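All remarks here apply to the structure that follows.
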């Protein structure tokens, strides 16, 4: 099998090699953009950021064992070999795609407007009970994170699970051209990045660009409860999943037995399997479904799938549960759109005790933003939330509709500082408290005050 070397990188990118002749053929394994993460044999990618220029750290990367650097400028007194290219971002995409082309293990791509990272983690957990799996770290799902992940692939991996996130037309084509997925999972066509994608049909068009980069024997695994995905023809084998009986794989008997466990039966023509997901939220059944489908396709037994799913752990600020001794705190403030907020509210409504939702603005919704915030307020009133607390300009619309829809107590605060000051009067012992907003609302700053109550 061919390996990446500085000479190969220069050849496929059209770059210029600088360094010792003997170093041209040194084997490169993995790539990083942070010199603090360099391991011996890595390619260090020099990226110019708004505040930090990676070129300044090239020699530090060599000191940590980097085999080569990828740069956009000459490195004075370079302590190792480097390849000079016009754009390191464009070059790393070429390199990532080339490296993927050398690999033969099945690659699973995952996208969707909600639940991408959770679905990626649960699929990887299920597969991991039998196979050695590479997965996207955290949510590094963009045009830099994806090729860096692909460059971590080696012959020892038996499967790869790659998250693919986009915000505009054309991005999925660029990602899929690198990833070339054998199986492609779409979790939901929802209200996200509408400023660029305009409406749900635009979201569908952008997400499904990937199918043009798959082989004819590829497999599409789609959420069939989503009407747009149910009606979409990917031009290849299509397996649908959801709660509706029309789907090939269905979740039944969904039970939230505690804030830290969801159980459901996954049913298909090939049998029934009971899975337990050790995390918060009935919506996790939607992530368990493609995990069962993909795992069965790759020869993982039902027993192994169940064992693997039990090893799942939430990533980042996604529905993490903390029993503080005073309240049950549900930290779901990584991000928010109407679908994910409604799912979180539904899961909150199933918990015992007084259910309190602290909600903030959902950003990136374009011209439909006001309408979608109002719809969340109406949904919160319908699903039985006991107390609603809102913060942010658009969140005021959630609060207004919740109150006018006959909802229970509601409080509104324009700023986080005002909300934080009021928390001792709002929160009571044994409350179940959900915190959710778009990431840039910085609701994670609220969490320490709730944890210390």
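Consider the range 8-30. How many of its residues are more than 20 Å from residue 76 (Cα to Cα), modelled with pLDDT under 95 and either part of a strand (DSSP E or B) or in contact with a strand residue (DSSP E or B) (Cβ under 8 Å, 6 or more places away or on another chain) (or both)? Residues meeting the conditions: 3. Among the residues of the range 338-396, just one is within 24 Å of residue 168 (Cα to Cα), touching a strand residue (DSSP E or B) at 6+ places or on another chain (Cβ under 9 Å), in contact (Cβ under 8 Å) with a residue 40 or more places away in the chain and surrounded by fewer than 24 Cβ atoms within 10 Å (Cβ to Cβ), namely 361. I'd like to know if the range 252-259 contains one or more residues that are in the same structural domain as residue 113 (by TED's automatic domain parsing) and within 30 Å of residue 363 (Cα to Cα). Looking for residues that are in the same structural domain as residue 113 (by TED's automatic domain parsing) and within 30 Å of residue 363 (Cα to Cα), one finds at least one in the range 252-259, hence yes.
Of these, 294, 309, 315, which one is under 18 Å from the mean Cα position of the chain (by Cα), farther than 29 Å from residue 203 by Cα and either in contact (Cβ under 8 Å) with a residue 40 or more places away in the chain or surrounded by 22 or more Cβ atoms within 10 Å (Cβ to Cβ) (or both)? Write out each step before concluding.
Working: 294 fails: farther than 29 Å from residue 203 by Cα; 315 fails: farther than 29 Å from residue 203 by Cα.
Result: 309 is the single residue among 294, 309, 315 that is under 18 Å from the mean Cα position of the chain (by Cα), farther than 29 Å from residue 203 by Cα and either in contact (Cβ under 8 Å) with a residue 40 or more places away in the chain or surrounded by 22 or more Cβ atoms within 10 Å (Cβ to Cβ) (or both).
Being buried (at least 21 other Cβ atoms within 10 Å of the Cβ) and assigned to a loop (DSSP other than H, G, I, E, B) is a property that residue 300 has.
For the range 324-366, name all the residues that are at pLDDT below 85, more than 19 Å from the chain's Cα centre (by Cα) and not in a helix (DSSP H, G or I). Hits for the range 324-366 are 350, 351, 352, 353.
The values are calculated or read from the model by the stated rules, or taken from the named source; none is laboratory data. All figures in this text were calculated on a predicted structure; none of them were measured in a lab. Please note: Cβ atoms are built from the backbone with ideal geometry, for glycine as well, and neighbour counts cover all protein chains shown.
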